[in-house]
1. Would you be able to say whether some residue in region 343-357 is part of a loop (DSSP other than H, G, I, E, B), polar (S, T, N, Q) and at pLDDT below 95?
2. Just to check your reading of the model, which residue among Lys121, Lys97, Lys129 is modelled with pLDDT of 80 or more and part of a helix (DSSP H, G or I)?
3. Being surrounded by fewer than 22 Cβ atoms within 10 Å (Cβ to Cβ), of a type outside the set (Ser, Thr, Tyr) and closer than 21 Å to Leu242 by Cα is true for just one of Gln330, Gln366. Which residue is that?
4. Does Lys391 meet the test of being free of Cβ contacts under 8 Å to residues at least 12 places away in the same chain, loosely packed, with under 15 Cβ neighbours inside 10 Å and over 28 Å from the mean Cα position of the chain (by Cα)?
5. Go through (1) over 20 Å from Leu246 (Cα atoms); (2) in a strand (DSSP E or B) for Glu385 and report which single condition fails.
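The values are calculated or read from the model by the stated rules, or taken from the named source; none is laboratory data. Here the structure is a predicted model, which means the values were calculated and not measured. Cβ placement follows ideal geometry from the backbone for every residue including glycine, while neighbour counts extend to all protein chains displayed.
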Amino acid sequence: MAIRCKARSVAFLGLLLLLTWPSIGLSQEPGGKGKIQERKEKLRELRRELQREREKAKEAVKMERSLSQELSRIDELLERKGRELKGLQAKLKESEKRITVLNQEIGIANGKLRRARELLKRRLRAIYKQGQLGYLRLLLSAEGLDQMGRRMKYLQAIAMEDQRVARVYLRTISDLGSKRSELERYKADLNQNQRELKERQREIAEQRRKRGALLARVREEKAEHLRAIKDLEEASRQLQALISRLQAEERIAKKRGVEVPAFTGDSKFAGMKGRLPWPTLGSLTSLYGRQEHPKFRTITYNRGIGISAPEGREIAAVYDGVVLYADWFQGYGKLLIIDHGGGYFTLYAHASELLVKPGDKVAGRQIIAKVGDTGSLEGPQLYFEVRYRGKPEDPLSWLEQKR
């Protein structure tokens, strides 16, 4: 309605411009130039007003944007920021590990350096005590050529050992310098990752705040609530269309002899009525069928049930089957559809994480996802449906009774 009002305002101003336009430039009265100038100024003002009204109309269109679209946009952004956060946390942990290892290696290198330095000191002291001609006197004091040859070999071994100690000393100094440089580099990376981590956390907190504000409006304002209901009804129609399309694709593929990811085992799903395990532990927040909102007295029709549970709690498949769909779906967040054969399907929505992909075979009670609040208007929960040949049935008639 607001958009129609804005459109009428814009149309009115446009009409006013058309009515005003013919009189401009036609006046031949005395002082006509002044009147022309005055009317030109009025025209410019009307054009400015028209532009302002157009901007307001655009803004009104923006305000009419689907709530589920806005919620999906925020959820997808949170998902991306969450992945970035996990990546940064992994980098942070890797940097911290490497810094710990480098500190240990630097400690070992410092020990080697102290030992090599002590050996060099002892050798220099011994050489100093021998004097400049010490080795020569040792050779000349030999009693015969055999003894001189042995002493020569001894002196060569000492010289080689001295060279080895010097090389170890220099190599240790070089290695220590490299490790210290690497340590400084990792410390810089650590600081950068910590800054980025804080920024991602801030961005996530901001998006969660926006999401909370959006949901608060839905819960407190009737107009927003009605828009949310309209969006959910449209999402439900789109979901039905998706299921019909998947079934049609399966039938066409079978006719053509193409292998499709569908349940091919001996399905006993029909015999499990009243005995299926609950997909997650939690409390019921919404029931199947006609529901009346306690505050706004609006009527909705639920095709499944809502199970409130903490974010991250495991979701299990209720029976053997094959995953037909595992992806985002507007209004449902992260959605899983499992084909159990015999025309039976189960749906699991609002997940925080999907642990299987299309084509995967799953067993009953296998963990397939985790509880989340993607696409949810009521916080973390699992939305669960049972369908037979595309039509929804009351999930509570299929699930085992809680004790």
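1. Within region 343-357, the subset part of a loop (DSSP other than H, G, I, E, B) is 343, 355-357.
Restricting the remaining residues to those that are polar (S, T, N, Q) gives none.
No, because not a single residue in region 343-357 is part of a loop (DSSP other than H, G, I, E, B), polar (S, T, N, Q) and at pLDDT below 95.
2. Working: Lys121 fails: modelled with pLDDT of 80 or more; Lys129 fails: modelled with pLDDT of 80 or more.
Being modelled with pLDDT of 80 or more and part of a helix (DSSP H, G or I) holds for just one of Lys121, Lys97, Lys129, which is Lys97.
3. Values: Gln366 fails: closer than 21 Å to Leu242 by Cα.
Matching residue, one of Gln330, Gln366: Gln330.
4. On the way: free of Cβ contacts under 8 Å to residues at least 12 places away in the same chain: yes; loosely packed, with under 15 Cβ neighbours inside 10 Å: yes; over 28 Å from the mean Cα position of the chain (by Cα): yes.
So Lys391 fits the description; yes.
5. Among (1) over 20 Å from Leu246 (Cα atoms); (2) in a strand (DSSP E or B), the lone unmet condition for Glu385 is (1).
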